[in-house]
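Note sheet for the following structure.
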Amino acid sequence: MIPKLNREQLTNLKELLAERIVDNMSTKELVEYVMDDMFKYFDKQDELDFYEDCRNYWIDDEQFEEIIEDVKSW
């Protein structure tokens, strides 16, 4: 049976379910979820947008270049 909910009620139910799921997650599970979600976000970006996000995070260009060199050596 599918309950008859209006848009606001359905939104409230979604928020409640999300809150309950998150409340029952361990810190490790939360970290894994966020890491996976962020990777999916970055993976969907085009290369230019991704590099822009990297540069915005590592404001210092020298630090960003060092990180690029580190990644190349892996």
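Nothing in this text is a laboratory measurement; each read-out follows from the coordinates by a stated rule. Since the structure is predicted, the reported quantities are computational estimates derived from the model, not experimental observations. Please note: Cβ atoms are built from the backbone with ideal geometry, for glycine as well, and neighbour counts cover all protein chains shown.
If I fit a long axis through the Cα atoms of helix 47-57 and take the longest principal axis of the Cα atoms of the chain, what angle between them do I get, 0 to 90°, rounded to 10?
Long axis of 47-57 versus the principal axis of the chain: about 90 degrees.
Each residue of region 11-23 in order: what ³J(HN,Hα) in whole Hz does its phi give by Karplus 6.51 cos²θ - 1.76 cosθ + 1.60, θ = phi - 60°, with x for Gly and Pro?
With the stated coefficients, region 11-23 comes to 4, 4, 5, 4, 4, 5, 5, 4, 4, 5, 5, 5, 4 Hz.
For region 7-41, which trypsin sites (Lys or Arg not before Pro) pass both filters: DSSP loop (anything but H, G, I, E, B) and at most 15 other C-beta atoms within 10 Å? Mind showing how you got there, number by number?
Values: sites: 7, 14, 20, 28, 40; in loops: none.
In loop regions of region 7-41 (DSSP not H, G, I, E or B), there are no sparsely surrounded trypsin sites (Lys or Arg not before Pro).
Using Cα-only point scatterers and the Debye equation, what is log10 of I(q)/I(0) for region 26-73 at each q in 0.20, 0.22, 0.32 Å⁻¹, rounded to two decimals?
-0.81, -0.88, -1.03
Rounded, prolate or oblate for region 1-48? Axes are the square roots of the Cα gyration tensor eigenvalues, ordered a ≥ b ≥ c, and the cut-off for rounded is a/c under 1.5.
oblate
For the chain, what is the calculated [θ] at 222 nm in deg cm²/dmol (nearest 500), taking -39500 (n - 2.57) for each run of four or more DSSP H residues and dividing by its residue count?
Computed mean residue ellipticity for the chain: -26000 deg cm²/dmol.
Please list 3J(HN,Hα) in residue order for region 58-69, calculated via the Karplus relation 6.51 cos²θ - 1.76 cosθ + 1.60 where θ = phi - 60°; whole Hz, with x for glycine and proline.
9, 4, 6, 4, 5, 5, 4, 5, 4, 5, 4, 5
Tally Lys and Arg at +1 and Asp and Glu at -1 over the other residues with C-beta under 13 Å from the C-beta of residue 47: what net charge comes out? Write out the running numbers ahead of the final one.
Values: positive: 44, 55; negative: 43, 46, 49, 52, 53.
With Lys, Arg at +1 and Asp, Glu at -1, the neighbours total -3.
Where does each of 59, 2 land when they are ranked from fewest to most other beta-carbon atoms within 10 angstrom?
In increasing order of surrounding Cβ atoms, one gets 2, 59.
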